[in-house]
Amino acid sequence: MSGTEREIAVPVANGAATALATDDRRFTRRTLRRWVKTITPPLLFAVFVLFLWEVFVWVTAINALLLPAPTQIAISLAENAGLFARNAVITLGEILIGFALGAFVGIALGILLSYSRIFERSVYPWLVASQMVPIVAVAPILVVWFGFTLVPKVLVVALISFFPVVVNTVDGLQSVDRQMINLMRTLGASQVKIMRAVRIPWAMPFVFSGLKIAMALAVVGAVFGEWVGSNAGLGYLMLAFNNQLATTDLFAAVIVLSAMGIALFFLVGGVERLVIPWHHDKRQGGR
Amino acid sequence: MGSAKLEARGLGKRFKTRGQVVDALSGVDLALGDREFVSVIGPSGCGKSTLFNIFAGLETPTSGDVLLDGRPTVGADLLGRVGYMPQQDLLMPWRTILDNTILGLEVGGVSKKEARERALELFPLFGLSGFEKRYPDDLSGGMRQRAALLRTFLAGREVILLDEPFGALDSLTRAAMQQWLLGIWEEHRKTILFVTHDVDEALYLSDRVYAMSKRPGRVTQILDVAIPRPRAYDVITSQPFIEMKQILLEQLRLSHGSGKAA
């Protein structure tokens, strides 16, 4: 290449440009193999524990009201599949709506807090203080206000899940590298462009950490909301089985709930991978 | 210098922190002619970075003027007018190398597609071929610096400020990068202001070297480097080079002055 600096500004479509057309395939066979490698050990371990449990129950002939065998629980799961499915859908709805509300409010508050000092100074301490009020005490009040409807459960979920999102969003937005912002300024970038190109991507990994914690809490929140006042849902089912001393069914309900919680947690992780692949790649060990 | 591209006249900068007054710069006169390569050399704490921040528009001088193309321009008016490459490469970990390099074009309103095409054309020259779609974490220090340089180049400013771009590199990579930078500059002829505290680097690269003193930073010596170009790397062992090096080193020793040797 020869010539003046104007050379730089001449756009030339060359062969290298076509390399861009092929989008990288993130979910290739190699990814799949790595995934299998990650889930196999914990899966094998679980099978091992279940086996020990089963043996323990049969050997000691322990009362099924105290500790049912895994096979008995599996039978209960199969027999009551319809019942579990119906109630799981209800709980899932409460979790998702409450989580969405909590996440939205959390992110919005986080942005407001990091942009307005007055807002931060007057509101942030109360946000922290609000976490000292036990949800256990608030939930019955919500039931008094809204009855046996969806609302109190959604509110409990939202109340319990918004806090980690706020804290992480604020941390993320406030930790943005000043130098990177200065660089953007010297390139002539507007505040809006800086927000979109630097602040938001910078804060994303933090926000997702918050969302993952929030999702784990959301499941707890929904069950608790149902315990305080409801006539449906997995939490309600657990309470009912407990009262009937149907320990096997109770265990089955716990398993359904746990499976749902794990699935939801990984769902957030999956979304994170799609939204900020570069961050995931980095955590995988420098690739 | 009548036709200066970028010029500082009596530039001073005073910081006040916790009741303490610090003069970072005091009466600095400095001029870059069109398409000149000029270096600023000095001990740490001589206000080099402050000078750069003022030229880039990130800070406003307490006294004196900055003239861009002969017109007084200060503070925010300089933002977006002068290319600036800070010490750290500041590549964004969420962007591929290609998308990092087009940042300036993107901010300038060029479509992503066109910006990428322009960038790709320069990838071989910057030794980045094959790394277009990689993320910054995949690259070595030297490559990251070249990517940051390409980002600065592509932004298309006529004046470029380089703040110790090779400071963090090992000496072999560093020498290679210096030769490479000269090659690029000789082809594309930007006006470059280069900060370093390496005397060899300053002399090898520059048309002129400004030596600065410790706080408050002021220019203590201006040295024209009368070595013809293109320069092979072995000029650094030539007699005129060594003489200039002695002058500069002596000056830098003096300007360390009362302070203990750092």
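In order along the stretch B:107-118, the Karplus-derived 3J(HN,Hα) couplings, from 6.51 cos²θ - 1.76 cosθ + 1.60 at θ = phi - 60°, round to 4, x, x, 6, 5, 4, 4, 5, 4, 5, 4, 4 Hz, and Gly and Pro are given as x.
Counting 0.36 nm for each residue step from B:D138 to B:T237 and taking away their Cα separation leaves a gain of 32.0 nm.
Counted by neighbouring Cβ atoms within 10 Å, the residues A:V49, A:V256 run from fewest to most as A:V49, A:V256. Computed from backbone phi with θ = phi - 60° and the Karplus coefficients 6.51, -1.76 and 1.60, the 3J(HN,Hα) list for the stretch B:16-28 is 10, 10, 6, x, 8, 9, 10, 8, 7, 10, 9, x, 7 Hz; x is used for glycine and proline. In this calculation the C-beta distance from B:D170 to B:Q246 is compared with R0 = 30 Å, giving a FRET efficiency of 0.70. For the stretch A:81-283, the Kirkwood radius over C-alpha pairs fed into Stokes-Einstein at 20 °C and 1.002 mPa s yields D = 116 µm² per second. Between A:T71 and B:S3, the distance separating the two model label sites (each 7 Å from Cα on the Cα→Cβ line) works out to 9.6 nm. Computed over the protein assembly as shown, the percent of Cα pairs more than 44 Å apart is 39. Along its principal axes, chain B has C-alpha extents of 53, 44, 38 angstrom, given from the largest down. Computed per residue of chain A from DSSP H runs no shorter than four, each worth -39500 (n - 2.57), the mean residue ellipticity at 222 nm is -26000 deg cm²/dmol.
Extending 7 Å from Cα along the Cβ direction at A:E54 and again at A:S122 yields two label points whose distance is 6.3 nm. Taking the helices alone, chain B has a mean residue ellipticity at 222 nm of -10000 deg cm²/dmol, built from -39,500 (n - 2.57) per DSSP H run of at least 4 residues and averaged over all its residues. Excluding same-chain neighbours fewer than eight residues apart, the lysines reachable from A:K153 by a Cα-Cα span under 27 Å are A:K212.
Cross-link partners of B:K112 among lysines, defined as those whose alpha carbon lies under 21 angstrom from its own and excluding same-chain residues fewer than eight positions apart: A:K193, B:K133. Axis of helix B:239-256 versus longest Cα principal axis of chain B: the two differ by about 60°, to the nearest ten degrees.
Using the Cβ-Cβ distance between B:L254 and B:D224 with R0 set to 25 Å, the FRET efficiency from 1/(1 + (r/R0)^6) comes to roughly 0.80. Summing Cβ point charges (Lys, Arg +1; Asp, Glu -1) relative to the Cα centre of the stretch B:88-156 gives a dipole of roughly 20 debye. Once the Cα-Cα distance is subtracted from the 0.36 nm per residue extended length, the A:E79 to A:F266 segment shows a gain of 64.6 nm. Note: the stretch A:123-217, Cα convex hull, 119 Å³ per residue. Model label sites at A:A129 and A:V144, defined 7 Å from Cα along the beta-carbon direction, differ in position by 2.1 nm.
Annotation: amide H-H contacts under 5 Å for B:G42 (H modelled 1.01 Å from N, sequence separation of 5 or more, or interchain): B:T196, B:M212. Compactness of the stretch B:88-156 was expressed as the Cα radius of gyration divided by 2.2 N^0.38 Å, which yields 0.96.
Any read-out appearing in this document is the output of simple, stated calculations on the displayed coordinates, not a laboratory observation. Here the structure is a predicted model, which is why all the values come from computation and not from measurement. Glycine gets a Cβ as well: all are built from the backbone with ideal geometry, and neighbour counts include every protein chain shown.
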